[in-house]
Amino acid sequence: MADMSIDFGILAGAGAPVRELKAGEVIFNEGDAASEFYVIQSGKVDIRLGNRLLGTLSDHNIFGEMALIDAAPRSATAIAATDVKIVPVGEKQFLFLVSRTPHFALNVMRVLARRLRAQNSVV
């Protein structure tokens, strides 16, 4: 599930407010409403579906982006695997980045495609 070749670190250092969570804290639950996605500034985040670990993400990866694209509830649960610093990116900022930076939009699509392929290979 890691997206090693795509670095969203620029968003993590863009002066946005940082949320700090301790290992084991839930960032969001499957089924929650969504108004933002997150960039990991430092630490690791587990993405889970029920008891199944879908993947562990680390520095400069994004997660939670799917809900901003389709306005559906969260499809999985995100839990801090270690102490973690995350930067929320709201829908307004997301839409601005997509409209002004085609490369950003392409990178988000690449993340989605890789995650979909990874899940398809498991099924």
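Observations on the structure shown:
- In segment 82-96, the residues that are in contact (Cβ under 8 Å) with a residue 24 or more places away in the chain and either open to solvent by less than 40 Å² (accessible area, probe 1.4 Å) or among the aromatic types (Phe, Trp, Tyr) (or both): Val84, Ile86, Val87, Pro88, Val89, Gly90, Phe94
- Checked against (1) touching a Gly at 6+ places or on another chain (Cβ under 8 Å); (2) within 14 Å of Tyr38 (Cα to Cα), Ala118 passes all but a single condition, namely (2).
- For segment 24-44, filtering for residues that are crowded, with 17+ Cβ neighbours inside 10 Å and under 20 Å from Ala72 (Cβ atoms) leaves 6.
- Cβ separations smaller than 9 Å between residues 6+ apart or across chains give no pair from segment 36-49 residues that are free of Cβ contacts under 8 Å to residues at least 24 places away in the same chain to residues that are surrounded by 19 or more Cβ atoms within 10 Å (Cβ to Cβ) and part of a strand (DSSP E or B).
- Just one of the listed residues (Leu112, Leu68) is within 16 Å of Asp32 (Cβ to Cβ), open to solvent by less than 60 Å² (accessible area, probe 1.4 Å), outside any strand (DSSP E or B) and in contact (Cβ under 8 Å) with a residue 12 or more places away in the chain, namely Leu68.
The values are calculated or read from the model by the stated rules, or taken from the named source; none is laboratory data. Quantities reported herein were computed from a predicted structural model and do not represent experimental measurements. We place every Cβ from the backbone using ideal geometry, glycine too, and count neighbours over all the protein chains shown. Accessible surface areas use protein heavy atoms only, side chains included; no ligands, DNA or RNA. Shrake-Rupley method; radii C 1.70, N 1.55, O 1.52, S 1.80 Å.
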